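I have a structure I would like to understand better, so I am pasting it below and will then ask my questions one at a time.
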Amino acid sequence: MKKTFTAENSQIRIIINEIKLFVENLNCNDELLNIIHIVSDEVLSNIIKYAYKNPYGIIEIECKTDCNNCLSIIFIDLGIPFNPLKFKKEDSELFTIGMNGINIIKEFADNIEYVRQGNANRLIIAFNLSSK
Amino acid sequence: MFNYEINRKENILEIIVEGEFDTEGAKKLQDDLENYIENNILSVKFDLSKTTAMASSGLRVIYYAKEFIKKDMQVDVVGAQGLVMKVIKMSGMSNFVNVV
């Protein structure tokens, strides 16, 4: 599945529903669907909030599985460079609103890769379907 | 599917959140909660027993209730389980609201 959307808040649920539709066809359990919902919500809201200076940019989504039973969701935007992997997972002793979204992504994804490719941010979030 | 219900019993607000407490849902609920600012509310209880997932935007609404409806108001979070409880624990939010 590969689709392009405008980067605006009204698109978040629409994009998540497209991703979940793809994942539902893989016969995943409800917990994984919920995890994918919140991880996608965090990534998309970050892109919409911070990537573009001018409305409206684009978000491209690609979902695919490989032979190792791994699901990859690729989020592509053409905004300012942003590598979430550069942010360390924070100690949860202190509640810090801004960091929680990135912490949630790191906690629930099995693997995260970031590539700056030309003028695009490519964030690849992977879930191992065998362990779910 | 996200849904919520706000019940006011005298000076106490009970907020029941169902489904995915995500960015879109959190925005709707927070907009609604603005009607209760300085409205003689003494405490807020979030019932998350029917919440299936929570993003950081959901955490932000609870923080909003604590800080903006009335400063240092008592906020209880009840019924959270599984994935939702995991998000609450990792956020550190349980250090400043009462998670039951």
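Only one of B:Gly92, B:Gly19, B:Gly82 is on the phi > 0 side of the Ramachandran plot, over 10 Å from the mean Cα position of the chain (by Cα) and in contact (Cβ under 8 Å) with a residue 24 or more places away in the chain; which? Spell out how you get there, then give the answer.
Numbers: B:Gly92 fails: in contact (Cβ under 8 Å) with a residue 24 or more places away in the chain; B:Gly82 fails: in contact (Cβ under 8 Å) with a residue 24 or more places away in the chain.
Of the residues listed, the single one that is on the phi > 0 side of the Ramachandran plot, over 10 Å from the mean Cα position of the chain (by Cα) and in contact (Cβ under 8 Å) with a residue 24 or more places away in the chain is B:Gly19.
Test B:Glu20 against the stated conditions and say whether it is within 14 Å of chain A (Cβ to nearest Cβ) and surrounded by 22 or more Cβ atoms within 10 Å (Cβ to Cβ). Outline the logic, then answer.
On the way: within 14 Å of chain A (Cβ to nearest Cβ): yes; surrounded by 22 or more Cβ atoms within 10 Å (Cβ to Cβ): yes.
Judged against the criteria, B:Glu20 is a match.
Yes/no per residue for (1) in contact with a strand residue (DSSP E or B) (Cβ under 8 Å, 6 or more places away or on another chain); (2) more than 19 Å from A:Ile104 (Cβ to Cβ):
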| position | (1), (2) |
| --- | --- |
| A:Met1 | yes, yes |
| A:Asn9 | no, no |
| A:Glu18 | yes, yes |
| A:Phe22 | yes, yes |
| A:Ser40 | yes, no |
| A:Tyr52 | yes, yes |
| A:Glu60 | yes, yes |
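Shifting gears a bit: B:Asn95 is checked against (1) within 7 Å of another protein chain (Cβ to nearest Cβ); (2) surrounded by 15 or more Cβ atoms within 10 Å (Cβ to Cβ) and fails just one. What number does that condition carry?
B:Asn95 satisfies every listed condition except (2).
Could you say which residue among A:Ile80, A:Ile73 is under 16 Å from A:Ile125 (Cβ atoms) and either modelled with pLDDT of 90 or more or not hydroxyl-bearing (Ser, Thr, Tyr) (or both)? Before the answer, list the steps.
Working: A:Ile80 fails: under 16 Å from A:Ile125 (Cβ atoms).
Unique residue meeting the criteria: A:Ile73.
Shifting gears a bit: Restricting the first residue to region A:77-96 and requiring it to be away from chain B (no Cβ under 14 Å), which pairs with a second residue that is assigned to a loop (DSSP other than H, G, I, E, B) and modelled with pLDDT of 90 or more meet a Cβ separation below 7 Å and a spacing of at least six or different chains?
A:Asp77/A:Ala7; A:Asp77/A:Gly57; A:Leu78/A:Gly57; A:Leu78/A:Asn119; A:Gly79/A:Tyr52; A:Gly79/A:Gly57
Can I ask one more? I'd like to verify a number: residues in region B:71-84 that are surrounded by 15 or more Cβ atoms within 10 Å (Cβ to Cβ) and either of a type in the set (Phe, Trp, Tyr) or in contact with a Phe, Trp or Tyr (Cβ under 9 Å, 6 or more places away or on another chain) (or both), how many?
Qualifying residue count, region B:71-84: 7.
Counting only residues that are part of a strand (DSSP E or B) and charged (D, E, K, R), which one in region B:1-31 is farthest from A:Ile14 (Cα to Cα)? Outline the logic, then answer.
First, pick out the residues of region B:1-31 that are part of a strand (DSSP E or B): B:3-9, B:12-21.
So of that shortlist, the ones also charged (D, E, K, R) come out as B:5, B:8-9, B:14, B:18, B:20.
On the way: B:Glu5: 23, B:Arg8: 32, B:Lys9: 36, B:Glu14: 29, B:Glu18: 19, B:Glu20: 14 Å.
By that ranking, first place goes to B:Lys9.
In region A:41-59, is there at least one residue being more than 15 Å from B:Ser57 (Cβ to Cβ), touching a residue at least 24 places away in the same chain (Cβ under 8 Å) and surrounded by 21 or more Cβ atoms within 10 Å (Cβ to Cβ)?
Here is the first cut: in region A:41-59, the ones more than 15 Å from B:Ser57 (Cβ to Cβ) are A:51-59.
After this cut, where a residue has to be touching a residue at least 24 places away in the same chain (Cβ under 8 Å) as well, the list is A:51-53, A:55-59.
If we keep only those that are surrounded by 21 or more Cβ atoms within 10 Å (Cβ to Cβ) too, we end up with A:59.
Scanning region A:41-59 turns up at least one residue that is more than 15 Å from B:Ser57 (Cβ to Cβ), touching a residue at least 24 places away in the same chain (Cβ under 8 Å) and surrounded by 21 or more Cβ atoms within 10 Å (Cβ to Cβ).
Another question, if that's okay. For B:Ile12, work out the one condition from (1) hydrophobic (A, V, I, L, M, F, W, C); (2) within 14 Å of another protein chain (Cβ to nearest Cβ); (3) over 30 Å from A:Asn29 (Cα atoms) it doesn't fulfil.
(2)
Quick one: how many residues across region B:32-54 are more than 18 Å from A:Asn34 (Cα to Cα) and assigned to a strand (DSSP E or B)?
So in region B:32-54, the residues more than 18 Å from A:Asn34 (Cα to Cα) come out as B:32-47.
Of the ones still in play, those that are also assigned to a strand (DSSP E or B) are B:43-47.
Qualifying residue count, region B:32-54: 5.
Next up: Out of all the residues in region B:48-65, which are of a type in the set (Gly, Ala, Ser) and within 7 Å of chain A (Cβ to nearest Cβ)? Spell out how you get there, then give the answer.
Initial filter on region B:48-65 (of a type in the set (Gly, Ala, Ser)): B:49, B:53, B:55-58, B:65.
Correct list: B:Ala53, B:Ala55, B:Ser56, B:Ser57.
The values are calculated or read from the model by the stated rules, or taken from the named source; none is laboratory data. As the structure is a prediction and not an experimental result, all values here were calculated from the model. Please note: Cβ atoms are built from the backbone with ideal geometry, for glycine as well, and neighbour counts cover all protein chains shown.
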